[in-house]
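Each reported figure results from applying straightforward, stated rules to the coordinates on display, with no laboratory input. For clarity, every value in this text was computed on a predicted model and none was experimentally measured. All Cβ positions, even for glycine, are placed from backbone atoms using ideal geometry, and neighbour counts span all protein chains on display.
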Amino acid sequence: MSLFITFEGGEGSGKSTQTRVLHQRLSSKGIPVLLTYEPGGTPLGQQIRRWLKGTGDIDPQAELLLFTASRAQLVAAVIRPSLKNGTVVICDRFYHSTIAYQGYGRGFSLELIQATNNFATGGLKPDLIVLLDLPMEYRLSRKTPGDRFEREETAFHQRVRNGYLKMANEDPERWLLIDGSLRKKEIERIIWERIEQLLTSGGFCSV
Ligand SMILES: Nc1ncnc2c1ncn2[C@@H]1O[C@H](COP(=O)(O)OP(=O)(O)OP(=O)(O)O)[C@@H](O)[C@H]1O
Ligand SMILES: [Mg+2]
């Protein structure tokens, strides 16, 4: 059995907070679990992350390909091998971020994004995507410094948010949509409720 869970949402929506809590909770129950993140999660991905987090100009085409390259390496070197040996994998952002940011945000065609995502993942899909949806008015108050997307205008973030909501509403079985403005403990509770269901129903095999 393997289980692949990804976390999505805008900057400061609480992804890293909640992935850490979930990781801790699963490990404390003796469940083999790995927490990783995008971009990054491998030595190559770390280099790419540094470029993407830097202040240098990156052309949108190059940006898309850098995220894709980091993802391809992460899937091949970390995610697939871990799922194969029965580890629960939690990933802080995955390919839905590219659909939201480079597709809905930057305006690349969704067909192109789907093709590059498929190329990077070899078709691997999460069993569950947790979307922490933060209303626009909370965004600035939770701002985390240093992200290239923070330089983007409000309209960009609104498109990203709407893109995420569209994906979640179209596939409610796979997506868990949570109001990110709820208290941390409440969000933890909602996530755990769904994870427990998945663990008890068993039989997941993402690979
Ligand atoms: N439910 C919550 N209520 C209030 N504050 C929160 C909540 N969840 C997280 N925070 C705070 O908001 C800030 C951003 O949270 P966090 O780093 O988890 O977000 P993130 O989605 O990982 O952001 P990024 O996309 O920039 O990595 C942190 O200071 C965190 O403590
Ligand atoms: Mg984070």
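Give the cross-link partners of LYS53 among the lysines, using a straight C-alpha distance below 25 Å as the criterion and excluding same-chain residues fewer than 8 apart.
Leaving aside lysines fewer than 8 places away in the same chain, those within reach of LYS53 are LYS15, LYS143.
Please compute the Kirkwood hydrodynamic radius of the chain from all pairs of different C-alpha atoms, in Å with one decimal.
On the way: mean 1/r = 0.0580 Å⁻¹.
Final number for the Kirkwood radius of the chain is 17.3 Å.
Mind checking the dipole of region 73-149: about its Cα centre, +1 per Lys or Arg Cβ, -1 per Asp or Glu Cβ, Debye to the nearest 20?
Working: 9 positive and 6 negative charges, 37 e Å.
Dipole size: approximately 180 debye.
How high is the FRET efficiency between ARG174 and TRP51 when r is their beta carbon distance and R₀ equals 30 Å, given to the nearest 0.05?
Numbers: r = 31 Å, r/R0 = 1.04.
E(calc), rounded to 0.05, equals 0.45.
Hey, got the dipole for region 1-141? About the Cα centre, +1 on K and R Cβ, -1 on D and E Cβ, debye to the nearest 20? Can you show the working numbers first?
Details: 14 positive and 11 negative charges, 115 e Å.
Charge dipole of region 1-141: 560 debye, to the nearest 20.
Dipole of region 66-207, Cα-centred, from +1 at each Lys and Arg C-beta and -1 at each Asp and Glu C-beta, to the nearest 20 debye? Present the calculation step by step, with values, prior to reporting the outcome.
On the way: 20 positive and 17 negative charges, 72 e Å.
Charge dipole of region 66-207: 340 debye, to the nearest 20.
Could you go through region 92-109 in sequence order and give the Karplus-derived ³J(HN,Hα) for each residue, using 6.51 cos²θ - 1.76 cosθ + 1.60 with θ = phi - 60°, rounded to whole Hz, and x for Gly and Pro?
For region 92-109, the Karplus-derived couplings read 7, 6, 8, 5, 5, 4, 5, 4, 5, 7, 7, x, 5, x, 7, x, 5, 5 Hz, x marking Gly and Pro.
Along Cα→Cβ, 7 Å out, is where each label goes; now give me the distance between the ones at GLU153 and LYS29 in nm to one decimal.
Each label point lies 7 Å from its Cα, and together they span 4.6 nm.
Based solely on its DSSP helices, what 222 nm [θ] is calculated for the chain when runs of n ≥ 4 H residues each add -39,500 (n - 2.57) and the sum is averaged over all residues, nearest 500 deg cm²/dmol? Kindly include the intermediate steps, with their values, before the conclusion.
On the way: 9 runs with 100 residues, N = 207.
It lands at -14500 deg cm²/dmol.
Starting from the 7 Å offset along Cα-to-Cβ, what nm value, one decimal, do you get for the label separation of ARG20 and PHE119?
So the two model labels end up 3.6 nm from each other.
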